Amino acid sequence: PLMEAVVLQSQGIGITWGSVTVTLIPLLLSVLLVALIAALTMKLAGSPLGYLSGVLTWSGLSWIFTQGVTVTLLDPTWTIIAKAAALFSLAYVLGSLGRRPPALADLIRAAHERIPSAVGRVGRVGIQIVAVVLASSLAAGIIVTTIWAIRNHSGMAALFDMLGMKTGSRILTTLCTLIWLPNIWLWGLSWMCGSGFSIGSDATFTLWSGSATDLPPIPLLGILPDAVGNDALRTTLLLVPVAIGFAAMLAMLLSSRAYRLRPVRTDDPHVFLTSLLSFLAPAASMLVAVAVLSAAFSALFALSNGALGTDRLAHVGVNVAQATRAVTRSAAWGMLAAWTLVLIVFCTVFATTWLRATIRTRLKAASKDSPEGSTKDSPGDGPRIVSSQPPTKEENDGSN
């Protein structure tokens, strides 16, 4: 029964265990479950018939699990089956993408034939930016929460002592709570970007405040952070997502696999204006990336939220709208800064080249039109010859 309840909870099914209501999805188990189904899909299936049989089997197993659990399920039967089918479908699609079935290859080939290459590149580069920003942001959240655990491990130990847990119970409890570790990673990302998170109505954690009163005795909550008192450190944390967006966009602008923008060393304004059009495609990719990032972070933050109770702990996690806006806006400012920087360098190189060419041309024209130049070229003017020998008497008489 416990295994069945955990599998159902990893698919987003809320449970009530005694007097405790838990709707907080253990995202680590969800990721492992998706990875397992995707791996089996890559090895064993990849056809529409395989998907149909798989989704029916998995939905049926999830319904069977509901009959054996000893906890109260908060979702109706049709919602449980729908969530199981949605999770299986996501995993099956990911596994099929890794397998590259013939139908997918034909779809990609048809898209290449019908979609202009410029449009396809805009979308491809935009998705690459999204992948880099997502991976880097999650890595930043992992680093932040690791620092929390190192700095505040004494708080977790104090909770263990308060609960009277011995070494074995501490190890087992810590391993069990690790299934919610990805949720805390996402909370750490929101905290780093300035939005923060809350544990019900009892505790709110941001860069400027860190207060907690009457929290439930869950040892994992002992690592939650205090306020950051150092202004320089706080500013550095706020600039991390900006730096991530800046680095991702700059890499795509300069990479030979993306746009490979290079300054054009020309003094022809028409060539320069034509080259400026190459900045429109990166701008479109940036807009695509911002839109996809907004949707992706909204989904991730929503999945990381839940409840640990029905009253004061009815909402645990982040404010989805605020957190999404904080992360996406910071990354967007970084991408815009990278695009603007490359554009400024581009214009500066052209202005320098054009200015040098203009000065060189005017100097040549001035040297041709100067009086010194015209005297040297006038006919009848030759070098002055001075004789060092005195004239003879006959030459003097002739001169006279």
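The values are calculated or read from the model by the stated rules, or taken from the named source; none is laboratory data. All values reported here derive from a predicted model rather than from experimental measurement. For neighbour counting, all protein chains shown are included, and Cβ atoms are generated from backbone atoms with ideal geometry for every residue, glycine included. In case anyone asks, the SASA skips ligands and DNA or RNA and just uses the protein heavy atoms, side chains included. Shrake-Rupley method; radii C 1.70, N 1.55, O 1.52, S 1.80 Å.
Our estimate of slack between Ala110 and Leu2, defined as 0.36 nm per intervening residue step minus the Cα-Cα distance, is 34.1 nm.
Shown are Ile199, Ile64, whose ranking by accessible area with a 1.4 Å probe and every protein chain present, most to least, is Ile64, Ile199.
Counted without the sites themselves, the longest stretch of the chain free of trypsin sites (Lys or Arg not before Pro) in a DSSP loop having at most 13 other beta carbon atoms within 10 Å is 1-165. On the basis of the beta-carbon distance and an R0 of 30 Å, Arg124 and Leu238 show a calculated FRET efficiency of 0.45.
Computed from the Cβ-Cβ distance with R0 of 45 Å, the FRET efficiency linking Ser169 to Ser89 stands at 0.70.
On a 0 to 90° scale, report how tilted helix 153-163 is relative to the longest principal axis of the chain, with both axes built from alpha carbons and the result rounded to the nearest 10. Tilt relative to the chain: about 10 degrees. Here the alpha carbons of segment 225-275 define both size measures, Rg and Dmax, at 18.9, 58 Å.
For the chain, adding -39500 (n - 2.57) for each run of n ≥ 4 DSSP H residues and dividing by the number of residues yields -23500 deg cm²/dmol at 222 nm. Across segment 166-233, the convex hull enclosing all Cα atoms gives 105 Å³ per residue. For segment 189-197, putting each phi into the Karplus relation 6.51 cos²θ - 1.76 cosθ + 1.60 with θ = phi - 60° gives couplings of 5, 5, 4, 5, 7, x, 7, x, 8 Hz, in residue order, rounded to whole numbers and with x for Gly and Pro.
To the nearest whole percent, what portion of all C-alpha pairs in segment 306-369 is separated by more than 17 angstrom? Percent of Cα pairs beyond 17 Å in segment 306-369: 69. Each label was represented as a point 7 Å from its Cα along the Cα-to-Cβ direction; for Ala39 and Arg265 these points are 5.4 nm apart. In order along segment 344-351, phi translates into HN-Hα couplings of 5, 4, 4, 5, 5, 5, 5, 4 Hz, rounded to whole numbers, per the Karplus curve 6.51 cos²θ - 1.76 cosθ + 1.60 with θ = phi - 60° and x for Gly and Pro. Taking amide H atoms as placed 1.01 Å from N in the peptide plane, the amide H of Trp17 lies under 5 Å from those of Val22, each 5 or more residues away in sequence or on another chain.
The phi torsions of segment 219-225, fed into the Karplus equation with coefficients 6.51, -1.76 and 1.60 and a -60° offset, translate into couplings of x, 4, 6, x, 8, 5, x Hz, rounded to whole numbers, with Gly and Pro shown as x. The stretch between Leu343 and Ser154 holds 63.0 nm of extra length on full extension. This uses 0.36 nm per residue minus the Cα-Cα distance.
The Cα trace of segment 186-336 gives Rg and Dmax of 20.7, 72 Å, the first to one decimal, the second as a whole number.
Working from Cα pairs under 8 Å separated by at least six residues, relative contact order for the chain is 19 percent. For segment 272-316, the mean projected area of the C-alpha convex hull, equal to one quarter of the hull surface, is 4.0 nm². Straightening the chain between Arg257 and Ala321 buys 19.6 nm, computed as 0.36 nm per residue apart minus the Cα-Cα spacing. I'd like to know which of Ser53, Ile244, Ala338 lies farthest towards the positive end of the charge dipole of the chain, counting +1 on Cβ of Lys and Arg and -1 on Cβ of Asp and Glu. With unit charges placed on the Cβ atoms, the residue in question is Ser53.
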